[in-house]
Each structure stands twice: as C-alpha cells, then as structure tokens.
Amino acid sequence: MAPDSPSSGNDSPSTIPGMVRIGLGHDSHRLVPGGPLRIGGTEIPFDKHLDGHSDADVLLHALSDALLGAAALEDIGHWFPDTDPANQDRDSAELLVACYQEVCQHGYQLVNADCVVHAQQPRIGPHREAICKRIASLLAVDTGCISVKAKTGEGLGPVGRGEMIQAECVVLLQAVTMGTGEGGKRNE
Ligand code: MG
C-alpha cells in the first residue's frame, strides 16, 4: 500500500521477533436516516446508517487505527484521506485489510483485538458473534483473537440520544521478523 502523501513522517522502530506492541483506536460517526447500518463489516437491520466519506464503518475505522498505531504507522486518515474522491463510499473492509497488510509488511502479526461499540440503538449484542467472525475472516486470524463488546450510552450524551455511534479498540501485535522498521524493509 502506497501512502497518499510523500512520507509517513514517522519511522517505525526496529522489530525483534517476539516483541509486542499495543495500539489504541477510537472513532465516532453520526447516525442519519436510512438503513441498513454497517458495523464491523456486517450489515445490521436498522432505519439509520452512519454518515461519513467512506462507508463510515465506525468499528473497522477504530480497529484500523489501532493496528496502524501499534506499528507507529500513522492513522487511517493518513493512508486513506477523506479529501480523496477515491475513498468516497469506500468499503471499510478494504481499508482494514490494506492497513493490516501494511502492518504485516513491517514484520508484525495480530495477537488479539478487543473492541467496544457504544450504541444506544440498535442493540449490537445479538450481532457480536457475526461481527467477530467477519473481522477474523478479513484479518485471516482465529475468531478467538477478536473480541467485540457492546455498550449503550445509558441514555446520556450524543450516543445515548441516538445521534452517533462510537467504537474503541485495543490491539496487541507481535513481531514475527527481525526488521529495520524503515519503509517496511526486513532482515530475515
Ligand atoms: Mg471514521
């Protein structure tokens, strides 16, 4: 994946096999009329959807940011800027896969991801298993590597009023190759 700007401006550190790195991702999108809703690469029956430049899949955006962040590879907006018309209405599953490929090229693999979706409506809980399977399939990892939890906004704030949905993810990466950390070069 080529960055959309000349340089990431951030040399990722050297990798040593077995080394682990943590990453954090957060995202939020506004709910607007018209379904279906798309979260975690999974369509959920609802009369609203998330508004954004891409398909606004809040969970996949947060997960992509967590993966990139763990490898010090900037964020999803760096690789797929919302100023690029090519990214309009784009399938965030494609973006997630591309981000993880970049992470893998830097010598890492995913150990596990733990995610939280904050939504007053619809209830995400009944869809958690399908979402976990979908994400695991996209990343080619065991389903047991992916955790998705669902929280309501307890009726408080913009989430609680049903105006938006938020997602947070933490991931753990493990280095699998010795690497220079520069431009994806590896010493194998
Ligand atoms: Mg987003």
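So what's the back-of-envelope 222 nm ellipticity for the chain, counting only DSSP H runs of four-plus at -39500 (n - 2.57) apiece and dividing by all residues, rounded to 500? Walk me through the numbers before you get to the answer.
Numbers: 5 runs with 47 residues, N = 188.
Here the helix-only value at 222 nm equals -7000 deg cm²/dmol.
Name the residue, out of 32, 116, 170, whose mean-square fluctuation peaks in a Gaussian network model built on the chain with Cα pairs under 10 Å.
32
Which percent, to the nearest 5, of DSSP beta bridges fully inside region 20-175 are antiparallel? Each step should come with its number before you reach the end.
On the way: 28 of 34 bridges.
Roughly 80 percent of the beta bridges in region 20-175 run antiparallel, per DSSP.
Scan around residue 108 for amide H atoms under 5 Å from its own, H built in the peptide plane at 1.01 Å from N, and keep only partners 5 or more places away or cross-chain.
Here 176 satisfy the definition.
Over the chain, calculate the relative contact order: mean separation of alpha carbon pairs under 8 Å at least 6 apart, over the residue count, as a percent. Please list the in-between numbers first.
Values: 458 pairs, mean separation 60.6, N = 188.
Dividing the mean separation by the residue count of the chain yields 32 percent.
On C-alpha positions alone, give me the angle between the axis of helix 128-139 and the longest principal axis of the chain, in degrees, nearest 10.
For 128-139 against the chain, the angle is about 30 degrees.
Check residue 55: other-chain or 5+ apart residues with amide H under 5 Å from its amide H, H built from backbone geometry?
89, 90, 92
Please list the non-local residues whose amide H lies under 5 Å from the amide H of residue 120, H modeled 1.01 Å from N, same-chain partners needing a gap of 5 or more.
153, 162
Please turn the phi angles of region 41-58 into ³J(HN,Hα) values with the Karplus equation 6.51 cos²θ - 1.76 cosθ + 1.60 (θ = phi - 60°), one per residue in order, whole Hz, x for glycine and proline.
Working through the residues one at a time gives x, 10, 7, 10, x, 6, 8, 9, 9, 8, 9, x, 6, 8, 7, 6, 6, 4 Hz.
I'd like to compare 117-126, 63-72, 146-155, 80-89: which one has the highest average count of other Cβ atoms within 10 Å, and what's the full order after that? Show your work: numbers first, answer last.
Details: 117-126: 18.9, 63-72: 25.8, 146-155: 16.9, 80-89: 12.6.
Listed from highest to lowest mean packing, they are 63-72, 117-126, 146-155, 80-89.
Starting from the 7 Å offset along Cα-to-Cβ, what nm value, one decimal, do you get for the label separation of residue 47 and residue 129?
Going by the 7 Å Cα→Cβ label model, 2.9 nm.
Read-outs throughout are calculated quantities, based only on the coordinates presented, and are distinct from any laboratory measurement. Since the model is a prediction, treat every value here as computed from it, not as a measurement. A quick note on method: Cβ atoms are made from the backbone with ideal geometry, for glycine too, and the neighbour counts reach across all protein chains shown.
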